[in-house]
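I have a structure here, written as structure tokens, and I will follow up with some questions on it.
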Amino acid sequence: MQISSDFDSGNIEIIDASNPQRVVLAIRPDLNSAHFQWFHFKVDGLQPGQRYGFSLSNAGQSSYKDAWSGYHAVASYDQRNWFRVPSRFADGALNFDIEPEHGQIWFAYFEPYSRERHAQLIADAQRLSGAEVFACGKSIEGRDIELLRISRNPQAQRKIWLIAQQHPGEHMAEWFMQGVIERLQQRDDAEVNALLDKADLYLVPNMNPDGAFRGHLRTNVAGRDLNRAWQSASEADSPEVYFVQQQMRAVGVDLFLDIHGDEEIPHVFTAGCEGNPGYSPRLANLEQQFRQLLLDSGAEFQTTFGYAPDQFGQANTTLACNAVGLEFDCLAFTIEMPFKDHDDRPDPRTGWNGERSMRLGKDVLGVAAAMVDALR
């Protein structure tokens, strides 16, 4: 049996592999940061039908140690079809066993979105009518941060922004963006056509390519949490945010959606800007309208569970949602998807996964279409 993680988004350390029924592993922290939770590794040389056990021994010291309760790891034999493996958290370790059907298998914290798939997504997006790479920033390690623009009407007044994967371990965020781009490919979609008659779309499918490639959970290679850098972004340690902010200030923002994943809460939910000092009845009404339209669409979404709302004037404006909402006086939301499952419609085989993230992206695009006239 060979265990490896020297590949795109790989992350694991081998502690003791002498007993195949209890292979002891550890999750490697983010570079220049104490954060860790994301894992992704490959196991070769397995005997189909034999039982193997794996223990992530430091799970209890991870960034969100309470998130392991009710969580089940994902696995795949081909890196295309992922399924949940029953897992249990005990004595500070996450443990799971499997009788593999094939000689190799991959395990991960969530269905990964690879850099190769990202490159294909960017290429596919550029084939859309009216699409272009409007600008391209660079990460600290020199990876591209593509800003896509889809613009079909020179008279369109609204500017709608979606960014994803500020936290690199939240791979569901780029799956969401793939869903958005796939829906934009449907030429006979009346909602999308109406939206693009009135708005230009600005999309950043992956804000943190270095962290995603390195198998980080939360930070870029400088150890910066990009979603805490929106009041202090610099070209030195958070060029990813700095680039997007400069583009926003040049273009303007009428709707901003920041796409994330939440480790602990097994539901899809949104977080708004109610704590911002500039929060107004107009913005409150827009937030309510957005949530209601998403519920009415039949999307996998709910409003019962989520983060406790901030008190007025007490928002953390280093977060993208609050910073952009405040600066541009616009409707701004963080959309959170679970690492576990959306318990309102549970699927024990897959849990929340890439396909469901894509479907949510398509549904959210419909809500943007319905609201475009009300944004200003």
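Only one of GLY306, GLY313 is modelled with pLDDT under 95 and on the phi > 0 side of the Ramachandran plot. Can you tell me which?
None of the others qualify; the one that does is GLY313.
Listed residues ALA93, ALA17, ALA34, ALA119; which is assigned by TED's automatic domain parsing to the domain that holds ASP225 and at negative phi?
The conditions single out ALA119.
SER129 fails exactly one of the following numbered conditions: (1) surrounded by fewer than 18 Cβ atoms within 10 Å (Cβ to Cβ); (2) modelled with pLDDT of 95 or more. What is the number of that condition?
Going through the list (1) surrounded by fewer than 18 Cβ atoms within 10 Å (Cβ to Cβ); (2) modelled with pLDDT of 95 or more, SER129 breaks only (2).
Considering only the range 226-259, state which residues are touching a residue at least 60 places away in the same chain (Cβ under 8 Å) and assigned to a loop (DSSP other than H, G, I, E, B).
Those that are touching a residue at least 60 places away in the same chain (Cβ under 8 Å) and assigned to a loop (DSSP other than H, G, I, E, B): ALA229, TRP230, GLN231, SER232, ASP237, GLY252, VAL253, ASP254.
Among the residues of the range 220-265, which ones are of a type in the set (Val, Ile, Thr) and either over 29 Å from ARG356 (Cβ atoms) or not assigned by TED's automatic domain parsing to the domain that holds VAL180 (or both)?
Answer for the range 220-265, where residues must be of a type in the set (Val, Ile, Thr) and either over 29 Å from ARG356 (Cβ atoms) or not assigned by TED's automatic domain parsing to the domain that holds VAL180 (or both): VAL221, VAL251.
The values are calculated or read from the model by the stated rules, or taken from the named source; none is laboratory data. Quantities reported herein were computed from a predicted structural model and do not represent experimental measurements. When we count neighbours, we look across all protein chains shown, and the Cβ atoms used for this are built from the backbone with ideal geometry, even at glycine.
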